[in-house]
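Note sheet for the following structure.
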Amino acid sequence: MLVQLNTLKETALQELETITDVDQLPEWHRKYLSKKGELTQVLKQLGRLSAEERPAAGQAANKVKQALTGRFQEHQDRLKEAALDQQLAKDDIDISLPGRPCHLGHLHVCTQMLRQIYQVFGEMGFQIYESPEVESDENNFQLLNIPAYHPARDMWDTFWVNDQVVLRTHTSPGQIRVMKENFPNPIRVILPGKVYRYEQVTQRSEHQFYQVEGLAVGLNIRMTDLIGVMQEATKKMFGSDRKNRIRGSYFPFTEPSIEIDMDCIFCGGSGCRMCKHTGWLEIGGAGMVHPVVLNNGGYDPDVWSGFAFGIGVERPLLLKHGIPDIRYFYGNDLNFLQQF
Ligand code: PHE
């Protein structure tokens, strides 16, 4: 029996040495060390031995078992380590490399422009106000001197929420809110925000876009203050050699009303494709606050005067970056947005 055990040990160990793949280990274990393995088969014969022979044989059998188990463990560890080394070498992981920076988003191109506008007007003492995008017909139209059925309503194609409520078609209703809230103090604010127009969406017009309203109300405010503020803003935003031009216009809530242009940032005024060969680019509408509107805001027009302006945000951006289509701004196309 001792001979038998010894042979078993020798063959088992020899066979173990030939195993180079971890996957083959369980098979070896089953064959030699499991309950149905060869060692167990030998141990079963212990009962047939005489009482004198049994202890020595039992001890020898245990030693073999220990030896096999130990070597199995060792071999298994070695193979697993080798497999890991191999895997690491193959994957080429360099654990000393610094981590990859995680990707942070950035501000939308319109937000960047808005913040620049806040900065420029902030430096001139304008506070930033926000007013609701869902407005009453009263604030959006009536109190701005646009009665129901007045043909001037055609200037703003409107999304109606119901008979009396609209998505604001411009930021001008904010004028009424600011006046009502601030009377009898002088006012110098800008009101940025989204506005909505029930319009066909095309390359040049969206049904949603940004405006920045400006409003100044005081005891001695004149047209020249308005023009000076617009000139300062134009220069700070588009370069100190920019020139402005004003044209007569019409808005129901300003009197007189003007349109403000600046000389074309591409050709400097000589005429090009961008300015449609006029040499000028539109900045926005403006004017002196209409007496009716001052009155609606609670300010006596015989005592107070004021100016207001409304400038676009997307239009100048289209020009500045040569963007061919306004729909890119809200198309959520990262390839577009990441350029700014
Ligand atoms: N609200 C006008 C528009 O949307 C612009 C404007 C604002 C004109 C303030 C004059 C004064 O077209």
Among residues of region 21-63, those that are surrounded by 12 or more Cβ atoms within 10 Å (Cβ to Cβ) and within 11 Å of Met1 (Cβ to Cβ), counted: 12
Number of the condition not met by Val3 [criteria: (1) part of a helix (DSSP H, G or I); (2) within 30 Å of Gln87 (Cβ to Cβ)]: (2)
Residue within region 219-238 that is part of a strand (DSSP E or B), buried (at least 16 other Cβ atoms within 10 Å of the Cβ) and more than 16 Å from the ligand (Cβ to nearest atom) present: no
Residues within region 261-291 that are within 11 Å of the ligand (Cβ to nearest atom) and either over 24 Å from Ala216 (Cβ atoms) or without any contact (Cβ under 8 Å) to a residue 12 or more places away in the chain (or both), tallied: 0
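Does Gly312 count as open to solvent by 20 Å² or more (accessible area, probe 1.4 Å), out of contact with any helix residue (DSSP H, G or I) (no Cβ under 8 Å at 6 or more places or on another chain) and within 25 Å of Thr224 (Cα to Cα)? Outline the logic, then answer.
On the way: open to solvent by 20 Å² or more (accessible area, probe 1.4 Å): yes; out of contact with any helix residue (DSSP H, G or I) (no Cβ under 8 Å at 6 or more places or on another chain): yes; within 25 Å of Thr224 (Cα to Cα): yes.
Answer is yes for this residue.
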Selection count where residues are in contact (Cβ under 8 Å) with a residue 40 or more places away in the chain and more than 16 Å from the ligand (Cβ to nearest atom), scope region 300-319: 4
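From the list Ala61, Ala56, which residue is under 19 Å from Thr11 (Cβ atoms), of a type in the set (Gly, Ala, Ser) and over 60 Å from the mean Cα position of the chain (by Cα)?
Step by step, each of Ala61, Ala56 is checked, and only Ala61 is under 19 Å from Thr11 (Cβ atoms), of a type in the set (Gly, Ala, Ser) and over 60 Å from the mean Cα position of the chain (by Cα).
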Of the criteria (1) of a type outside the set (A, V, I, L, M, F, W, C); (2) open to solvent by 40 Å² or more (accessible area, probe 1.4 Å); (3) at pLDDT 95 or above, which one Glu259 fails: (2)
All positions within region 239-256 that are small (Gly, Ala, Ser), more than 19 Å from Met113 (Cα to Cα) and either surrounded by 15 or more Cβ atoms within 10 Å (Cβ to Cβ) or in contact (Cβ under 8 Å) with a residue 24 or more places away in the chain (or both): Ser249
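Hey, among Ile128, Ile117, which residue is hydrophobic (A, V, I, L, M, F, W, C), closer than 17 Å to Val229 by Cα and open to solvent by 50 Å² or more (accessible area, probe 1.4 Å)?
Values: Ile117 fails: open to solvent by 50 Å² or more (accessible area, probe 1.4 Å).
Only one candidate qualifies: Ile128.
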Strands (runs of 3 or more DSSP E) wholly inside region 151-216 containing at least 2 residues that are more than 11 Å from the ligand (Cβ to nearest atom) and farther than 19 Å from Phe309 by Cβ: 160-162, 165-167
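The values are calculated or read from the model by the stated rules, or taken from the named source; none is laboratory data. Because the structure is predicted, anything quoted here is derived from the model rather than measured. When we count neighbours, we look across all protein chains shown, and the Cβ atoms used for this are built from the backbone with ideal geometry, even at glycine. For accessibility, only protein heavy atoms count, side chains too; no ligands or nucleic acids. Shrake-Rupley method; radii C 1.70, N 1.55, O 1.52, S 1.80 Å.
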